[in-house]
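Peer 1: Below: one structure in structure tokens.
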Amino acid sequence: MAIGTWDIDAPRVVIYPGAMRIFVTGASGFLGSYLVADLVARGHEVAVLLRPTSSDWRLGEVRDRLHVVAGGLDDLDGLRRALGAFGPEAVVHMAWRGVAGAERNSPVQAVNVADTVGLAEIAVEVGARIFVGAGSQAEYGPYDRAIREDDAARPTTLYGMAKLAAGSMALRLCEERGLRAAWLRIFSTYGPKDADHWLIPSMIRNLRSGQHMALTACEQRWGFLHARDAASAFRLAITHDAASGIFNLGSPDAPPLRETVTRLRDLVDPGATLGFGELAYRPDQVMVLAADVSRTLALGWKPEVSLDEGLRETVNWHDATTPSRKLS
């Protein structure tokens with residue numbers, strides 16, 4: 001495993017006062033790619049962990065401005081050597097195995113806990129001062145109102161249980177070893193470059209192809225946060241000295257899902273008929289997916305992308321992008 005070097009022909013960015021050396025896992029994923037772009041644009045020096053077989057198309061032009069550590073979390077000794085050479089001030093863990101579908105109840109979730117704790121330990125060993133991890137609203141389980149960070153965690157999937165265990169153990173380890181640590185529990189996000197199987201991308205695809213959309217009554221209250229706003233919150237968790245502990249990360253607003261679906265239909269195909277009520281709710285249907293983000297807002301974070309603006313941007317991206325990229 002070796003650390004890459006800056007390409008001398010790559011475009012340059014201004015290094016602002018306070019620029020940091022930051023290591024990011026999961027950089028080729030949806031939110032990870034937005035975070036890396038955000039950090040590079042603000043002059044931070046960023047190293048990323050990429051498997052040689054990883055598809056890195058989401059990184060775009062930013063790819064040439066990164067230090068690349070070739071490998072994975074299954075080679076912690078190699079990673080330790082590479083990070084010792086890079087010398088990160090902050091380590092950000094965005095990678096996770098088994099995010100979608102049936103994998104959320106797969107035993108592989110237990111591996112993620114070990115990965116997270118192992119990475120936090122390496123952060124200590126290489127002299128990092130800050131550890132930031134990507135948690136999930138799944139740690140809470142279902143609630144019928146906006147969820148606060150001090151609400152009881154009662155996850156119903158192995159995914160949620162693993163996120164809860166990973167975050168709890170990483171925060172404790174960092175506290176004992178003197179690192180400032182933040183764990184951001186992510187609610188629903190969206191935007192260009194998201195995987196095609198999630199709700200908004202799949203709706204765009206189906207509407208564009210003229211398929212009839214059979215839906216539930218869509219009475220759920222779901223908030224959607226644009227990925228750029230999620231990335232800015234992660235950046236703040238890295239750079240803000242008061243960012244310590246658990247923070248909810250989601251949209252401050254959670255309108256009825258019917259409103260969001262209708263807005264999306266109007267952007268893609270205003271004449272399309274939406275089959276509201278044609279599908280029954282699942283027995284475990286989550287009816288409210290809303291985050292109380294007061295604690296995150298107190299750090300100075302403020303979402304900037306409106307839902308209408310973000311949906312329009314996402315539709316335009318899908319119309320301009322090849323199908324093969326949307327699947328990964």
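Peer 1: Taking the options VAL124, VAL99, name whichever one is of a type in the set (A, V, I, L, M, F, W, C) and under 21 Å from the mean Cα position of the chain (by Cα).
Peer 2: Testing whether each residue is of a type in the set (A, V, I, L, M, F, W, C) and under 21 Å from the mean Cα position of the chain (by Cα) leaves just VAL99.
Peer 1: Could you go through segment 238-258 and let me know if any residue there is touching a residue at least 24 places away in the same chain (Cβ under 8 Å), on the phi > 0 side of the Ramachandran plot and not small (Gly, Ala, Ser).
Peer 2: Checking segment 238-258: not a single residue is touching a residue at least 24 places away in the same chain (Cβ under 8 Å), on the phi > 0 side of the Ramachandran plot and not small (Gly, Ala, Ser).
Peer 1: Moving on. Does GLY127 meet the test of being in the same structural domain as ARG185 (by TED's automatic domain parsing) and under 22 Å from ALA291 (Cβ atoms)?
Peer 2: Criteria not met by GLY127.
Peer 1: Can you tell me which residues in segment 205-255 are hydrophobic (A, V, I, L, M, F, W, C), under 18 Å from the mean Cα position of the chain (by Cα) and not in a strand (DSSP E or B)? Don't jump to the end; show me each part of the working.
Peer 2: We begin by selecting, within segment 205-255, every residue hydrophobic (A, V, I, L, M, F, W, C); these are 207, 213-215, 217-218, 222, 224-225, 227, 230-231, 233-234, 236-238, 242-243, 246-247, 249, 254.
Adding the requirement that they be under 18 Å from the mean Cα position of the chain (by Cα) leaves 222, 224-225, 227, 230-231, 233-234, 236-238, 243, 246-247, 249.
Result: PHE224, ALA227, ALA230, ALA231, ALA233, PHE234, LEU236, ALA237, ILE238, ALA243.
Peer 1: Any residue in segment 30-48 that is touching a residue at least 60 places away in the same chain (Cβ under 8 Å) sitting within a Cβ distance under 6 Å of a residue that is of a type in the set (Phe, Trp, Tyr)? List the pairs, counting only those 6 or more apart or interchain.
Peer 2: What qualifies is LEU35/PHE234.
Peer 1: If only one of VAL315, VAL293 is under 19 Å from HIS197 (Cα atoms), at pLDDT 95 or above and hydrophobic (A, V, I, L, M, F, W, C), which one is it?
Peer 2: Selected residue: VAL315, the only one of VAL315, VAL293 that is under 19 Å from HIS197 (Cα atoms), at pLDDT 95 or above and hydrophobic (A, V, I, L, M, F, W, C).
Rundown of residues vs (1) out of contact with any helix residue (DSSP H, G or I) (no Cβ under 7 Å at 6 or more places or on another chain); (2) buried (at least 19 other Cβ atoms within 10 Å of the Cβ), yes/no style:
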site: ILE186; (1), (2): no, yes
site: GLY191; (1), (2): no, yes
site: ILE200; (1), (2): no, yes
site: TRP222; (1), (2): no, yes
site: ALA230; (1), (2): no, yes
site: ASP253; (1), (2): yes, no
site: LEU267; (1), (2): no, no
site: GLY271; (1), (2): yes, no
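Peer 1: Just give me the residues in segment 61-92 being more than 22 Å from the chain's Cα centre (by Cα), under 15 Å from ILE22 (Cβ atoms) and outside any helix (DSSP H, G or I), in sequence order.
Peer 2: GLY87 - this is the single residue of segment 61-92 that is more than 22 Å from the chain's Cα centre (by Cα), under 15 Å from ILE22 (Cβ atoms) and outside any helix (DSSP H, G or I).
Peer 1: To continue, here is another question. Residues being assigned to a helix (DSSP H, G or I) and either buried (at least 22 other Cβ atoms within 10 Å of the Cβ) or among the acidic types (Asp, Glu) (or both): count how many of those fall in segment 37-57. Step through it out loud before you land on a result.
Peer 2: We begin by selecting, within segment 37-57, every residue assigned to a helix (DSSP H, G or I); these are 37-41, 57.
So of that shortlist, the ones also either buried (at least 22 other Cβ atoms within 10 Å of the Cβ) or among the acidic types (Asp, Glu) (or both) come out as 38-39.
Of the residues in segment 37-57, 2 are assigned to a helix (DSSP H, G or I) and either buried (at least 22 other Cβ atoms within 10 Å of the Cβ) or among the acidic types (Asp, Glu) (or both).
Peer 1: With GLU313, GLU309, GLU259 as the choices, which residue is of a type in the set (D, E, K, R) and exposed (fewer than 13 other Cβ atoms within 10 Å of the Cβ)?
Peer 2: Working: GLU313 fails: exposed (fewer than 13 other Cβ atoms within 10 Å of the Cβ); GLU259 fails: exposed (fewer than 13 other Cβ atoms within 10 Å of the Cβ).
Result of the check over GLU313, GLU309, GLU259: GLU309.
Peer 1: Moving on to the next point. Please indicate, with yes or no, whether at least one residue in segment 111-122 is in contact (Cβ under 8 Å) with a residue 12 or more places away in the chain and part of a loop (DSSP other than H, G, I, E, B).
Peer 2: Within segment 111-122, not a single residue is in contact (Cβ under 8 Å) with a residue 12 or more places away in the chain and part of a loop (DSSP other than H, G, I, E, B).
The values are calculated or read from the model by the stated rules, or taken from the named source; none is laboratory data. Being a predicted model, the structure only gives us computed values, none of them experimental. As a convention, Cβ positions derive from the backbone with ideal geometry for all residues, glycine included, and neighbour counts pool all protein chains shown.
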